[in-house]
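The values are calculated or read from the model by the stated rules, or taken from the named source; none is laboratory data. Since the model is a prediction, treat every value here as computed from it, not as a measurement. Here the Cβ positions follow ideal geometry from the backbone for every residue, glycine too, while neighbour counts run over all protein chains shown.
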Amino acid sequence: MVSAITWLLVFQLAGEAIARGLDLQVPGPVIGMLLLFLALALRGGPSEEFRTSSQGLLQHLSLLFVPAGTGVLLHLHRVADEWIALLVSLVLGTLATLAVTAFTMKLVQGSPPGGGERDAAP
């Protein structure tokens, strides 16, 4: 278990180093996840130890949101000052996500993207 978590941290560190070293706008953990995905894809998937450790982390995923929630409460005055921008971005982001998801589902199902079923002319 320790070696699997160590590998997760190594990939996160590598992502951080790449993001900061190249001054990228992409967060380091995202680059680390991409590197981890590529490594797992090249070796044919995760080992049983890695899979077990990952499942253990996922079961306690809600604990990882505690620091983020604490940060929001710490800067609650900023949320109060910028609530309109936050609300607009949340609504527009949700609508954009729904639209892209619907479009993707239509593509995957093989339906034409602009309309539903096309009726044959009588």
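Within the range 6-28, if we keep just the residues that are loosely packed, with under 15 Cβ neighbours inside 10 Å and in contact with a helix residue (DSSP H, G or I) (Cβ under 8 Å, 6 or more places away or on another chain), the residue that is nearest to Ser53 (Cα to Cα) turns out to be Leu13. The combined condition, being modelled with pLDDT under 85 and either charged (D, E, K, R) or part of a helix (DSSP H, G or I) (or both), is fulfilled by Val72. Among the residues of the range 21-49, the one identified as polar (S, T, N, Q) and under 19 Å from the mean Cα position of the chain (by Cα) is Gln25. For the criterion of being of a type outside the set (Val, Ile, Thr), loosely packed, with under 12 Cβ neighbours inside 10 Å, over 18 Å from Trp7 (Cβ atoms) and under 18 Å from the mean Cα position of the chain (by Cα), His60 passes.
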